Every structure is written in C-alpha cells, then in structure tokens.
Amino acid sequence: MRTIFHHLSIAIFVILCAFGVSRPSSAFAAVEQDPYAVSLEDLLKMSWAASNHGDYEELERITKAILAQHEQEAMAQSTSLSAFPSRDKVDDFRIMNNVATALFVHAESLMHRGLKEEAIAAFERLIKDYPYAQSWDASRGAFWSIAEKSKISICVIKGGDECDQGAPVSTSPATKPSLATPGTDDVIDYASYGVFSGIGTRDYKYTVTNPNVLLVAVGEGIFPNTGGVLKNPLYKEAFQAGRLSGTHWDFVNTPDLGAAYFKWATAPESPGIKLFYTGITFEKAGMYLEAVKAYHALIVHFPRTVGMTYWQTPWYPAQAAVGKIRNILRQHPELGYEYVGGKVRVLNGDDNDTKNDIFIIWPGEIRKKIGSEPARRKLGKPRRFLGGKKTKLIQYESGDWRMFVAGKPIMIKAITYMPTKVGQSPDNGTLENWMMQDGNHNGKPDSPYDSWVDKNQNNVQDADEPVVGDFQLMKEMGVNAIRVYNLPNTIDKKVLRDLYDNDGIMVIMEDFLGKYAIGSGADWATGTDYENPVHLKNMMEKIEQMVNEYKNEPYIMFWLLGNENNYGVASNADKKPVAYYKFVNAVAKRIKELDPDRPVAICNGDILYLDKFAKNAPEVDIFGANVYRGDYGFASYWDEVRRVTNKPAFITEYGAPAYSKMVSLDEAEEQQASYHRGALLDIEANSAGYAEGEGNALGGISFEWMDEWWKNYEPAKHDTKADVVGPFAGGYYFEEWFGLVGQGDGKSSPFLRHLRKSYYVYKSFWNK
C-alpha cells in the first residue's frame, strides 16, 4: 500500500492510535526533566507524536524548547537563502528545516483545534520567516515545501478554491522537433562504423573508426552529430523568439517539443544525460526511431553515465535506455525492429555509493524483426522446488521460474484493493473498513457488491447501468488476487471466501513487519528496532497468529512480508538493513514451519540493499518490490534480482496517475494506460520461456483499483495539487488519481465506477 498522506505522520498516527499503540511517555518525561538534553531530531519526533495524540499542552512545551534552543540559528540559515538549496546542500540547512517543521506541526495543531485566527497567523509566520524550508517525507523519499503547504493550509481554513493549484501549467506552444538533417539510417549498425571490445566485461569500449560517415547516419542531435543542431535554421528562430530561455530542466515536461529538442541537444550536461532527454523528447513527439537512435547511442558511447535523482540517489541512464528501447519496440511492432542482447549491469548498484560501481556492458543490436511472435526458449526439466502443495514455485534447467497454484501454472495478476468513500480519511479517523461498510443497509459491503459503472459519465445511475460490484468487475478484468493487509479488526473471512468461491480471486496476505511501528509495540517517535528483542517477539507472535488464522483458508495464494521497510519510516530497517533482513529470514522460516504448503515473499523498496537481502534472508522464496521507474517497465530489475538472488521476482506495487496539468483528462487517461501497458509488456517479456528476458518474472500487483480522494489533504475534493516530481508523463505524483477506475464527481461514492482506459488495457492483456 503506497501510504501517501498530506503528511504521512499524521495519518499513520491515527491508524496506530486505533490499534492501541502506546504514547512515547518516557520520551515526554525526558523533555520535562531536561529539554536541552534531547536532540532536535528527537524533539521534532516527539512534537509529531504529541500533536497526533492530541496532547497539545505537551506540544506547546516541546515547541517552546525547540525555539529556545534552535530558533536563532534556524533564522540565520533561512535569511542566507534566496532559493531552495540544491539537493546535495539540503543537509547544511537541517536546523532550519527541523525548526520550521516543528512550527508547522504546531500551526496544524491550532487548525485542528479550531483556533482559526491563531493558525492562520502561525502559517503566515512560516511563509514569511522560512520561505525555503523543507520537510522530509520518508515514505515518498522526497522533501515538501513548508511554505507551500502553509499556503494550502490557510486556503483550507478560509475555504478558498484557490487552494487547488495543481502542477505548473506550461504556456509554451505545442510543437514537434523538425530535423534539418535527419540521419540516413533508421537504426544504427554500430559495427559498421567502429570497433567493439570487452563486450560483457568491465573493460567494454567502443571506438569510432568512420566518424564522418557515422555523423551522417545518425543525423543531427544524436552523438556524435550534436553540432548539427546549431545549423538547423529553426534553432536560431526559436532562440530569437525567446522559446529557449530558462534552464534545460524547465523543458522536461513542456509541450514545446521543438524547443525541448534544441535545449537538450545543447544542454550543459554530460553527453549521456543529453542523449537520454533528447530521446524522451523524440519519444513524446512520436518520432520513435529517432528516440531509439538516441537511447542506443547512449548505451553504446556512454553506458557508464551516472545521474542523480530528485532525491539525490544514483540513477543509471543507460539501464533506463535499455528499457526505453525495448518498450518502444514492444508497443510499436509496426516499426519492424527488435533489440537483441542489450544489457547494462551495475555491480554494487544496489547501494547509494557510486564510487564502488562496476559496469558490465552489452550494447546489443537493433535489427529487423523476423516474424510477429517473440522468440521463445526451452525450459528443460524442473530442477528446484519451493513452496508446497497449494502454491509451488519451480525453477527449470533454463533458470526460468514458474508459479503453480493447485497444480496449474499462473502469473500473478493482482490489484491493490482499498476502496474508500469520498469524504473519509484516516487523517481525521473517519476511514471505514471496506469489508464492513454498508451504506445502503442491504447486509453486504458496498464496494464489492453494489458498485455500478457510469458508462456515459453523467454521474447518474441510468436504467442501463445495473449494479455489478467490484468483485465482478475485477473478475472480468482478469484479476486473480488482491493484496490484503493483516491489520487488527479489518478482515472479514466471509467476504474473502465469497471472492474466491464465486470469482476465483485469491488473497496475497501481508504483514507490515514493523513498518510504521505496526505490530512491534514501538511508538512512532522511537520506531521499530530490528535489534530489540521485545519488538521482534511482538512481531513474531503477530505473524504466528496470522498464519494460524488463515493457513487453512483456500484463498491464500502466498504470504508477503513488509512494505518497503528498507526505506525506513518509524522503523530502523534503513539504518540496520542486515538486522532487518535477518529477522525477515527468521519470520519466513517460522511461517514455513506453520504452513509448508505456500511460499513466502518480501515487499522491498526497489532493489536497495538487494545484496544484504540475498545474504541474510535465504528462507524467503520470492523477491518482490514496489517499483516506480517509468513508462518503460522495470528495466534492470529482473536481471539484478536473478543475478544477485537467483529467486523468482514480482512487482508488489506499480502505477501512474490519470491526471496531468499538461493535457486533457482523456489524454491523461491514455498516458496512464500507456504506462500500465509498458509495465505489463515488460513483466510478460521477463516471464518463463521468453528469450528476450530473464525468465524470473511471476507477475505484479497493480496500484490501484480506485481513486482515493483523501491522499492530498481534502477528502471531499478530488485534488489536483502537485505532489513531488515523479516518473510520469506529467512529471508529478497526483496520487489521488492512481485508480484504474474513478469515482466521477464523488456524489455517488462509494458506488459509482468510471472504468478508465487502463482498466481495458488489463482486461485485454490479462484475459488473452
């Protein structure tokens, strides 16, 4: 579950309070005894805790302690800034950010108490004194602007429509690149223009022997013909018209693709970065062969390029370029080409240290495709078995993996199912359990049984729009499993049994394993400690209870542990990954003692600490991860998991918004559908028997079934405020729009369903 709240801490505390998690009273006592003996970071954690427990008297004391100790230095840091610091300099302003965050927590507490005037004054002070302060959202791995959220808070208090700001709307004209000197070759056979050496080793190198001929073959804008852009007469025209003003990063999401092409081809970046964004520009313009040439040039010439993400984590453009080429050729078979043998492997790439990276490169070949079906390979005989009688995993002589349920081979075709009624939110404790919600009092849960499809999108249930229910809609879509979280008092076995008996849909049963401090007995401020024997005992007992409760239920497909715990958030798995994965291993071993008939999987955050997982959690049968990389699928993910772990893999969460400020709602739906189509094609290409891929893909869990309106502050409103940047067509997370189905104008929630284009992509793909 991708728990993106307006402020994650607030919502998680509401959930934890509902489950009886205790207050950090010992920490509060320490503040009373000597507030100066407590670090700023701990004081900030305790301010969150006091606010969310409604202990406003304690919050006042903590806030005063923070200001007494740190306000002067925080203000000094703030007045030294005229813009947001770069991501590599953020830590230099840690005191400013923490103090401003504490003041924001205090201001929000005033708002929650109904002290409107005091709250507005507090938010205005933040906007004035700390315009460039930022707060860290660990669940999303990103900073959010405190001044921006303060402005939104003021809008919410005043009830103004101006709160719905959305992402920046481009005023640039919609144009496409126009090449004065396009290349003579549709794709490049680099062996004709140079010499390769060290393919498949760390000593890879490509030497151009016919540079002048290669210049003509690739065409302008693609290395080594980057100088050709300046000779394009439209370049001077765009420059004189002012269309090229600003930094090249301003042109990532502009509709003026003609200007973006010129800007990126001449950008003051490394050649690999320039080629990647030039390729993206061509791809957006529908110039697919030009895009393929740009991406392939990156892989051939600059495969060791390293960039940094928005979150200051390493990014390897050549790996993404491999995925981009494959995705373009999969989604556009009319081009008639295939990419064979391309791969960029980064040894030690599963940490955040680029100094120890070792690149192994196979540049690959783009050639005419023979036949319409993908090449297949023989699996050979079974050689390894995991799981048991009910769900079994088999690895074949080829190295490929398959999953079998009740003796039949299946792919995981799952959905995150958390339907929520418009207006409800965990932030204010009103979010109802979907298994128990019965608004029409017919004795059945609303969403599973009583939803209907608004075919003409008029937000009214017409005579030809009968009640059908989500379970039936998911069955028709081809879903064979939903992800269910092992939380107290949330699971109705009768509902899940009916889902299985009538619709053939199973359950992937998951325990958070201490994420968000759930199940460990820890409080939020302290967080789960994977070296604390009391926490470990509490979590193990909770796991044993879950397995014993559900192991005899026929709908359980397999067990899933954690939810990207390696990113932290009220746990120290990010700081003590070895301890975390050792505990995961102990849990997996215990589960298999209690239920030898099913395998155990983990939900990681992408491949961070993959090496530590492989060394310390051999009892885990399946590696799963929440992965958001882009519309091309998952690129090197499958190769890394196979190489490092030799385990089968799946995607525990992936998706994209059906909203963008750059295009119409209809076009945004198509962009979302394209994103999901790319993911599905990539999963299929890496499943057993496909010669192109790694053979270890078992499937994936799409995120998510239905839009949840509570995720960006106002649960009664379908917000279009910009979140952080993301790998989507519009450039931003709009997480209230991740559903494959929408809720219309919200007035008929939780019953109305608008089936988006993505729904039909799945229906076609999962039923073929």
Query raised in the report: Could you say whether any residue in segment 407-414 is surrounded by fewer than 18 Cβ atoms within 10 Å (Cβ to Cβ) and in contact with a Lys or Arg (Cβ under 6 Å, 6 or more places away or on another chain)?
Result: yes
Query raised in the report: When residues of segment 640-669 are filtered for being in a helix (DSSP H, G or I) and free of Cβ contacts under 8 Å to residues at least 60 places away in the same chain, how many remain?
Result: 5
Query - Any hit, segment 145-164, residues being modelled with pLDDT of 85 or more, loosely packed, with under 13 Cβ neighbours inside 10 Å and assigned to a helix (DSSP H, G or I) - result: no
Requested in this report: Kindly provide the set of residues from segment 712-728 that are of a type in the set (Ser, Thr, Tyr) and either within 22 Å of GLU465 (Cα to Cα) or surrounded by 20 or more Cβ atoms within 10 Å (Cβ to Cβ) (or both), ordered by number.
Outcome: TYR713
Report summary line: Filter segment 713-760 for residues that are part of a helix (DSSP H, G or I) and of a type in the set (Asp, Glu); the one that is nearest to the chain's Cα centre (by Cα) is GLU735
Query - From the options GLY227, GLY246, GLY242, GLY258, residue that is free of Cβ contacts under 8 Å to residues at least 40 places away in the same chain and in a helix (DSSP H, G or I) - result: GLY227
Query raised in the report: Taking into account only those residues within segment 272-295 that are of a type in the set (Gly, Ala, Ser) and not in a loop (DSSP other than H, G, I, E, B), which is farthest from ALA260 (Cα to Cα)?
Result: GLY272
Query - ALA321, sole failed condition from (1) surrounded by 19 or more Cβ atoms within 10 Å (Cβ to Cβ); (2) at pLDDT below 95 - result: (2)
Requested in this report: Examine segment 301-308 for a residue that is of a type in the set (S, T, N, Q), in contact with a Pro (Cβ under 9 Å, 6 or more places away or on another chain) and outside any loop (DSSP other than H, G, I, E, B), and state whether such a residue exists.
Outcome: no
Query - Selection status of ARG598, among the basic types (Lys, Arg), touching a strand residue (DSSP E or B) at 6+ places or on another chain (Cβ under 9 Å) and under 26 Å from ILE299 (Cβ atoms) - result: no
Query raised in the report: Which residues, taken from segment 278-295, are of a type outside the set (A, V, I, L, M, F, W, C) and crowded, with 24+ Cβ neighbours inside 10 Å?
Result: THR278, GLY279, THR281, GLU290, LYS293, TYR295
Query raised in the report: Here is a list of conditions, (1) in contact with an Asp or Glu (Cβ under 7 Å, 6 or more places away or on another chain); (2) under 17 Å from MET662 (Cα atoms); (3) surrounded by fewer than 23 Cβ atoms within 10 Å (Cβ to Cβ), and GLY731 meets all of them except one; can you say which number that is?
Result: (1)
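Listed here are the residues, each with its yes/no results for (1) within 15 Å of ASP511 (Cα to Cα); (2) touching a Phe, Trp or Tyr at 6+ places or on another chain (Cβ under 7 Å).
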| residue | (1), (2) |
| --- | --- |
| LYS551 | yes, no |
| VAL569 | no, yes |
| VAL578 | no, no |
| VAL584 | yes, no |
| ILE591 | yes, yes |
| PRO599 | yes, yes |
Report summary line: By residue number, the members of segment 199-219 that are assigned to a loop (DSSP other than H, G, I, E, B), at pLDDT 95 or above and over 35 Å from the mean Cα position of the chain (by Cα) are THR209
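Residues are listed down the side, and each one gets a yes or a no for (1) assigned by TED's automatic domain parsing to the domain that holds GLU667; (2) more than 30 Å from GLU334 (Cα to Cα); (3) crowded, with 19+ Cβ neighbours inside 10 Å:
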site: ASP185; (1), (2), (3): no, no, no
site: ASP203; (1), (2), (3): no, yes, no
site: VAL218; (1), (2), (3): no, no, yes
site: PHE223; (1), (2), (3): no, no, yes
site: PRO233; (1), (2), (3): no, yes, no
site: ARG243; (1), (2), (3): no, yes, yes
site: ALA265; (1), (2), (3): no, no, yes
Report summary line: Exactly one of ALA50, ALA102, ALA121, ALA107 is outside the structural domain of TYR567 (by TED's automatic domain parsing) and either touching a Lys or Arg at 6+ places or on another chain (Cβ under 7 Å) or surrounded by fewer than 19 Cβ atoms within 10 Å (Cβ to Cβ) (or both), and that one is ALA121
Report task. Please specify each residue of segment 537-564 satisfying the condition of being without any contact (Cβ under 8 Å) to a residue 40 or more places away in the chain and over 28 Å from ASP503 (Cβ atoms). Result -> LYS537, ASN538, GLU541
Report summary line: Inside segment 324-368, the number of residues satisfying the requirement of being surrounded by 17 or more Cβ atoms within 10 Å (Cβ to Cβ) and basic (Lys, Arg) is 5
Query raised in the report: Could you count how many residues in segment 454-467 are in contact with a Phe, Trp or Tyr (Cβ under 8 Å, 6 or more places away or on another chain) and surrounded by fewer than 16 Cβ atoms within 10 Å (Cβ to Cβ)?
Result: 3
**Report entry** Search result, residues across segment 743-760 that are over 17 Å from GLU714 (Cβ atoms), crowded, with 22+ Cβ neighbours inside 10 Å and among the small types (Gly, Ala, Ser)
**Finding:** SER758
Report task. Give segment 306-318 a look and list any residue that's at pLDDT 95 or above and among the small types (Gly, Ala, Ser), or say none. Result -> ALA318
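The values are calculated or read from the model by the stated rules, or taken from the named source; none is laboratory data. Being a predicted model, the structure only gives us computed values, none of them experimental. Cβ atoms come from the backbone with ideal geometry, glycine included; neighbour counts cover every protein chain shown.
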